[in-house]
Structures are given as C-alpha cells and as structure tokens.
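Below is one structure; the comments refer to it alone.
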Amino acid sequence: MRRAFAVGLLLAVIIPCIGIIVVLKRLSMMGDALSHSSLAGVAAGLILGINPIVGAGAVCIAAALSIEAIRKRIPKYSEMSIAIILSAGVGLAGVLSGFVKNAANFNSFLFGSIVAISDFEMILVACVSFAVLAAFVLLHKELFYVALDERAARLAGVPVRSVNFVFTILTAVTVSIASRTVGALIVSSMMVVPTACAMQLGKSYRQTVAGSIAFAVAFTLLGLFLSYYARLKPGGTIVLLGVVCFLMILLVKKLAALCVAAAGRGGS
C-alpha cells in the first residue's frame, strides 16, 4: 500500500498536467484511444515475453504519433483521427489477446492493479513523472498557446511542430504507465474528470492547473483508502469519486445561482 500511495500520488500530479492540455485542444477522447491501443502493446509484450508496460509504451507512442499525423491531414475533422486509432487499437488488442496464454495478466491491465506494482514499474513511473513535470514547467507557455490556437501560436513564433511532438510523446508514455496502475479503461477519465472539476472553479489557466492537480491528488488518496478498507478496485473507485465530486460542484453552483437570483428578485 505504501508503494501504491507513492505511485498514485506521482500519477495524480502528472496526469492532470497532460489532461488540461488535451481538454483545451478539444481532444478529450485521445486518452481513450491511447489507453485502448496500449492493450495491444500489453498483449504483444505478454506474447513476446517482455515487460507489458514496455510494449504498451511502444504502441502508445506509435498510436499518438499516428493521431497527430492524421489530424494534420484532415484538420477540419480532426476528431476522426482519434476514432480511427481507437478502432485500430481495439481491433489489434482483440486479435492479440487471443494468443495470450495467461489471461489474468492481461485482464489486470483493464482496470489496473496499483497494489501489485513491481520495483521496476515504480522506478519507471518516477522517471516518467520527472520527465513530464520538467517538460510541463519548461514548456508551459508554449503548451498553453498551442492548446488555445495553433495557428496564432505559429504566427507568434512558437515551434508548434516540436511542441506537439514532445507533448504527444509525453502523453503516450503517461498513458502507458498509468494503464498498469489505474487501468487502461479508466486512465482517460483520470485525465478529464479532475480537469473538469477544476474548470468549474478556476478563473485562470494557472488556477485550473493547480486545481486539477489538487482534485486528482484528493481523489487518489481517498480512493485508495476506500478501496483498501472496502475491498474495491482502486482505479474505478478513484474515478467514481471524481465523477461524484464533479456532479456535486455543478449542483452547488446551480443552487448558488438560484439563491442569487432569488435574492435579486426579493431586493427589487
């Protein structure tokens, strides 16, 4: 559990950093496409006898670069690139999974197994977390400009192609390592839900980034506690807590707006 908390906190910090850029670029389903594609890499790794995370990382990088390449070819319908790669990833994972001898190992990547993290996987998460944080801090302005408007960023002198390449690689690697801990079917929710909660409260980009990280850390800590004592799946518990929190924020904002409207009518 100590190892699970350490890995969970590291991922809770870096996943929202990736998630907010994905959301601002209107590519919220990119996490789904990469996470499902990572299952093909997991199956390939199990078949070839290598670490499944390494296989997942390789396939995720290839899938992420493919999404970016297709998105550039059809900019008016960029969301189609995600659907195409998602379909290819699911199909390939379905075919390769039939050749996996130990189905239990493959199934553990569907919903995650954060309490079964090995020393190698923990070191890998720590290295990836450091790389993602360093890149996010060094390129935060460029990532923000590219996320808001690529054309304007290019005119402003931002190296859009290089920034997109770095971000694509970081996204793929983050998804591949997170698929082992929170699960391939859940990692995309970890990207979007904390960001969605923070966007309801944050009034600036920095506030939204800080808020999304705070929400992700809170969901992870509480989710691990609940999953340990109630014997629940950690990944699913973390995501469900996030969804409940998001709905509560919307409800509170709605009630607050109604109270303000009622007070305004009473004063007039």
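The values are calculated or read from the model by the stated rules, or taken from the named source; none is laboratory data. Keep in mind it's a predicted model, so treat the numbers as computed, not measured. We place every Cβ from the backbone using ideal geometry, glycine too, and count neighbours over all the protein chains shown.
The residue that is surrounded by the fewest Cβ atoms within 10 Å (Cβ to Cβ), counting only those in the range 93-107 that are modelled with pLDDT of 80 or more and of a type in the set (A, V, I, L, M), is VAL95. Just one of the listed residues (ALA198, ALA172, ALA147) is within 25 Å of PHE246 (Cβ to Cβ) and in contact with a Ser or Thr (Cβ under 9 Å, 6 or more places away or on another chain), and it is ALA198. Could you please let me know if SER28 is touching a residue at least 40 places away in the same chain (Cβ under 8 Å), of a type in the set (Ser, Thr, Tyr) and farther than 25 Å from LEU226 by Cβ? Taking the combined requirement at face value, the residue satisfies it.
What residue, of PHE246, PHE219, is touching a residue at least 12 places away in the same chain (Cβ under 8 Å) and in contact with a Leu (Cβ under 9 Å, 6 or more places away or on another chain)? None of the other options fit; the residue is PHE219. Filtered by the rule that a residue be aromatic (Phe, Trp, Tyr) and modelled with pLDDT under 80, the range 119-163 gives a lone residue, PHE120. Report, ordered by the first and then the second residue, all pairs with beta carbons closer than 7 Å, sequence separation of six or more or different chains, a first member in the range 34-48 that is within 13 Å of SER179 (Cβ to Cβ), and a second member that is of a type in the set (Phe, Trp, Tyr) and surrounded by 24 or more Cβ atoms within 10 Å (Cβ to Cβ). Partner pairs satisfying both residue conditions: LEU39/PHE109; VAL42/PHE109. Restricted to the range 30-86, and to residues there that are of a type in the set (Ser, Thr, Tyr) and over 16 Å from the mean Cα position of the chain (by Cα), the residue that is surrounded by the most Cβ atoms within 10 Å (Cβ to Cβ) is SER81.
Are there any helices (runs of 4 or more DSSP H) wholly within the range 1-92 with 3 or more residues that are at pLDDT 85 or above, of a type in the set (Val, Ile, Thr) and within 23 Å of ASP119 (Cβ to Cβ), and if so which?
Values: elements: 2-24, 30-48, 52-73.
Qualifying helices (runs of 4 or more DSSP H): 2-24.
Taking helices (runs of 4 or more DSSP H) as the structural unit, those lying wholly within the range 126-212 and holding at least 1 residues that are under 13 Å from the mean Cα position of the chain (by Cα) and small (Gly, Ala, Ser) correspond to 160-178, 187-201.
Taken together, the residues in the range 197-223 that are modelled with pLDDT of 90 or more, closer than 30 Å to PRO52 by Cβ and buried (at least 21 other Cβ atoms within 10 Å of the Cβ) amount to 5. Only one of the numbered conditions (1) surrounded by fewer than 24 Cβ atoms within 10 Å (Cβ to Cβ); (2) closer than 24 Å to MET30 by Cα is not met by ALA230, and that is (2).
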